Amino acid sequence: MILGIDTSIGTAVAIVDPDGAVRAEAESADSRGHAEVIGELIVRALSAAGVRGSDITAVAAGMGPGPFTGLRVGIAAARAFALGRGIPLVPVASHDAAALARMRPGSGFAAPLEGEPIAIVTDARRRELAVSVYRVEGGLPVRIIDPHLVARASTEVVPLFGAPAAELDETTRISAVALARVAASRLRAGDPGDAAVEPLYLRAPDVTLPAGPKKVGS
């Protein structure tokens, strides 16, 4: 079974079977309290699924785009779980999961048809949006434009959509179920991905190391 963890927006945890069937899902919409709830949500998901940590065979880690502080909480939790169990860690771009979720009934969006584009737009704070573009190929979303930042006030149109990012539907949650399903499909294909993939931080942290000790005048 696969444990999916994402903290790129809120905090989302899910457990799915290798075939993608959902065993449990738990999440918090709070975009800032990731560290406070991540452990509880993992425990809750394991309990709801009726499984133990030893039953998990792979961990899917949401790699963003997302804020530095929140995103690293989920990635650290996923890496710690995978390392402790000695199981594969499958890095998945959070927008990839959002694009797959658009393909499922009940997503709240019109299901795209073969060949149609999908724009994933998420809040990047500081009056910016994170945007990725996909195209449906073989019934699955394939990324054709990587995640990038766009000012909310920008009038530049998103390719294939003819409208600015701020006018497109905004994704307000990332499904840990979809994240785990992306990982499951990669594992079935024999390609778990590169565990060394760098997280897609929206921007550098707002702290810097001091240049050195200050001189004290006499």
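Within a Cβ distance under 13 Å of A166, other residues only, what is the Lys/Arg minus Asp/Glu net charge?
-4
Dipole of the range 1-119 computed with +1 at Lys/Arg Cβ and -1 at Asp/Glu Cβ about the Cα centre; of A29, A49, G86, farthest Cα towards the positive end is G86. Please work out the C-alpha center-to-center distance from the range 1-66 to the range 79-113 and express it in whole Å. Between the Cα centre of the range 1-66 and that of the range 79-113, the gap is 11 Å. Projecting the Cα atoms of A189, S8, T171 onto the charge dipole of the chain (Cβ charges, centred on the Cα centre) puts S8 farthest toward the positive pole. One quarter of the surface of the convex hull around the alpha-carbon atoms of the range 51-139 equals 7.5 nm², the direction-averaged projected area. Considering all different alpha carbon pairs of the chain, the Kirkwood hydrodynamic radius works out to 18.0 Å.
Taking Cβ atoms as reference points and 12 Å as the exclusive limit, the residues near E114 contribute a net charge of -1, counting Lys and Arg as +1 and Asp and Glu as -1. The simple spin-label model puts a point 7 Å past each Cα toward its Cβ; for E40 and T155 those points are separated by 4.7 nm.
Roll a 1.4 Å probe over the protein chains and send me the accessible area per residue for the chain in Å². Heavy-atom accessible area per residue stands at 51 Å².
The values are calculated or read from the model by the stated rules, or taken from the named source; none is laboratory data. As the structure is a prediction and not an experimental result, all values here were calculated from the model. Don't worry about glycine lacking a Cβ; one is built from the backbone with ideal geometry, like all the others, and counts go over all protein chains shown. Calculation scope for accessible area: heavy atoms of the full protein, side chains included, ligands and nucleic acids excluded. Shrake-Rupley method; radii C 1.70, N 1.55, O 1.52, S 1.80 Å.
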